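Beneath this line is the structure, given in structure tokens, with notes to follow.
The values are calculated or read from the model by the stated rules, or taken from the named source; none is laboratory data. Source: prediction; values computed, not measured. All Cβ positions, glycine included, derive from the backbone under ideal geometry; neighbour counts span all protein chains shown.
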Amino acid sequence: MADQDELRQGLGKYFGVCPSYHHSKACLCKNCPSYPGEGYMFCARGPVSGEISQECMCNDCYVYHQFALEGDYFCREE
């Protein structure tokens, strides 16, 4: 598998997560055990406060792979 930096190079000048309707439909946030109760696409919109309650589904999400993201628990502040 290609390294994350190589993937980002192919994504263009303005790398970032696009919170478009198309991508929001593929978002797994609302099905995640750690879902904070409101919002979606935390990888694009930013976290909400609160404790991590259970496991994270970010690594399984289409948006996560589409934008070559790293990390997990985008819904929670550290």
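Being modelled with pLDDT under 85 and in contact with a His (Cβ under 8 Å, 6 or more places away or on another chain) is the filter here, so list the residues in segment 11-52 that pass it.
VAL17, ALA44
One residue is enough: does segment 40-61 have a residue meeting the conditions in a loop (DSSP other than H, G, I, E, B), surrounded by 15 or more Cβ atoms within 10 Å (Cβ to Cβ) and in contact (Cβ under 8 Å) with a residue 40 or more places away in the chain?
no
So in segment 53-78, with the set limited to residues that are of a type outside the set (Lys, Arg) and modelled with pLDDT under 80, which one is nearest to the chain's Cα centre (by Cα)?
Among them, the one singled out is GLU77.
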